[in-house]
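Before any comments, here is the structure.
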Amino acid sequence: MDTGNNLTAVLYGINDIRLEQTPIEEPNDGEVLLQMACVGICGSDVHYLVNGRIGDFIVEKPMIIGHESSGIVAKLGKNVKNLKVGDRVAIEPGVPCRLCQFCKEGRYNLCREMIFCATPPIHGSLRRFYRHAADFCFKLPDHVSFEEGALMEPLAVGVHACKRANIGIGSKVLITGAGPIGLVTLLVAKAMGASMIVITDLIEQRLKVAEELGANKAIQLQREMKEEDTVKLIHAAFDGEPDKTIEASGAESCIRVAILATKAGGIAVLVGMGAPEVKIPLINALIREVDIRGVFRYANDYPDALALIASGKVNVKPLITHNFKMEQTVDAFDAAKSPTSGAIKVMIHCQ
Ligand code: 572
Ligand code: ZN
């Protein structure tokens, strides 16, 4: 192990990522030092790079990027009981206060004091060595790879979204958006027993991947399509109506369709985030008792995501389209942000 080298990817501002050395941090009580293995690039990382902000979260000073990660335990802080040096782990990137009502009730994703990797001003994990709370590290079985460990993060979002939608045996599920979150949601919905899954997107190549991953039908939407026609196409694909919809695009048109297409009494879960305010057919939802539910990250979903991968019920490996070494971080982000690269998940290998 080269403990003198802590190459780190620092976002200085718009389109300005620099690789530089940073100090290796000492683990505090209850923390571990991790030798990082893999970090996946998330849409939010790309957004901070391209726009310097997401809503009110602004990159005002240099921030280390990355939050989908895995590593090896290199050093234990005091009082760490769940891990030992050499353990391979998936890292859950958000650590809540553990004390507030939300934390105590198990909905720690809603904790106001949450410290979340690579959400300004908190630094992320794209470095050779990174310190993290030991109880937010999940030991990987030998047969689960570091790449799968990093993909546990977006998979946990999919698990949380499917739980929010109450997906179960025989569910008929519409997923709008076949990006990484739409695709992990598809994998989880299938594993949770959905009998029919229809997915929509604008991009043909993404829909092809969705079909390879088990979507029963894929519908390519066109920007100029009329809303009623889109809903009709979706209902024709189901030969009926979906009882659950998971909206994973963030586009206003898709949020509207998600509500309109869902069967009366069903659930529309909104995961995708776009504009802060959107116009939705609210009365249509309320007179048909379509529940609209939000998703904010995940809580207590890593163990389930790990179980899905370890049991083989879910295979996330096909999501990885690009692999880069840490020294190639700028190229990795170029691939992740390029509309023509065909990138779904870009993975950076830290060692
Ligand atoms: O993997 C977690 C994750 N969460 C995202 C986006 C990407 N990856 N969220 C969308 C943006 N929000 S936020 O509240 N924010 C910038 C903190 O608007 C967090 C959840
Ligand atoms: Zn993310």
> So what J values fall out for region 115-128 if you push phi through Karplus, 6.51 cos²θ - 1.76 cosθ + 1.60 with θ = phi - 60°, rounded to Hz, Gly and Pro as x?
Replying inline: 9, 10, 3, 6, 10, x, x, 7, 6, x, 10, 7, 7, 6
>> Explain nothing, just compute: Karplus ³J(HN,Hα) = 6.51 cos²θ - 1.76 cosθ + 1.60, θ = phi - 60°, for every residue of region 310-318 in order, whole Hz, x for Gly and Pro.
In response: 5, 7, x, 5, 10, 10, 8, 4, x
>> Just to be sure I understand the model, the point goes 7 Å from the Cα along the line to the Cβ. What's the resulting Leu286 to Asn51 distance in nm?
In response: 2.9
>> Between Leu110 and Ser338, what's the calculated FRET efficiency when r is the beta-carbon distance and R0 is 45 Å? Round to 0.05.
In response: 0.85
> Binned at 5 Å from 0, what are the whole-percent values of the Cα-Cα distance distribution for region 9-96, short to long?
Replying inline: 3, 13, 19, 22, 17, 13, 9, 4, 0
>> Taking the solvent-accessible surface of protein heavy atoms with a 1.4 Å probe, what is the per residue accessible area of the chain in Å²?
In response: 45
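Among the trypsin sites (Lys or Arg not before Pro) within region 5-80, which fall in a DSSP loop and have no more than 10 other Cβ atoms within 10 Å of their own Cβ?
Working: sites: Arg18, Arg53, Lys75, Lys78; in loops: Lys78.
Sparse-neighbourhood loop trypsin sites (Lys or Arg not before Pro): Lys78.
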> Using alpha carbon centroids, what distance separates region 73-117 and region 320-339, in Å?
Replying inline: 28
> Based only on the alpha carbon positions, what is the Kirkwood hydrodynamic radius of region 132-240, in angstrom?
Replying inline: 15.1
> Residue by residue through region 8-13, which ³J(HN,Hα) values in whole Hz follow from phi under the Karplus form 6.51 cos²θ - 1.76 cosθ + 1.60 (θ = phi - 60°), with glycine and proline marked x?
Replying inline: 9, 9, 10, 8, 8, x
> Scattering from the C-alpha atoms of the chain alone, worked out with Debye: what is log10 I(q)/I(0) at q = 0.09 1/Å?
Replying inline: -0.48
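Just to confirm the filter: which chymotrypsin sites (Phe, Trp or Tyr not before Pro) across region 202-310 are DSSP coil and have at most 10 other Cβ within 10 angstrom of their Cβ?
Numbers: sites: Phe238, Phe296, Tyr298; in loops: Phe296, Tyr298.
Passing sites in region 202-310 do not exist.
What are the semi-axes of the equivalent ellipsoid of region 93-178, taken as the square roots of 5 times the eigenvalues of the Cα gyration tensor, listed largest first and rounded to whole Å? Before the final figure, lay out the partial values.
On the way: eigenvalues 127, 81, 37 Å².
Equivalent-ellipsoid dimensions as semi-axes: 25, 20, 14 Å.
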> Given +1 on the Cβ of Lys and Arg, -1 on the Cβ of Asp and Glu, and no further charges, what dipole in debye does the chain carry about its Cα centre, rounded to the nearest 20?
Replying inline: 540
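Which semi-axis lengths, in whole Å and largest first, follow from the square roots of five times the eigenvalues of the Cα gyration tensor of region 196-330? The partial results should precede the final answer.
Numbers: eigenvalues 159, 68, 59 Å².
Equivalent ellipsoid of region 196-330: 28, 18, 17 Å, largest first.
The values are calculated or read from the model by the stated rules, or taken from the named source; none is laboratory data. Since the structure is predicted, the reported quantities are computational estimates derived from the model, not experimental observations. Reconstructed Cβ throughout: ideal geometry from the backbone, glycine too, with neighbour counts over all protein chains shown. Please note that ligands, DNA and RNA were not included when accessible areas were found on the heavy atoms of the full protein model with its side chains. Shrake-Rupley method; radii C 1.70, N 1.55, O 1.52, S 1.80 Å.
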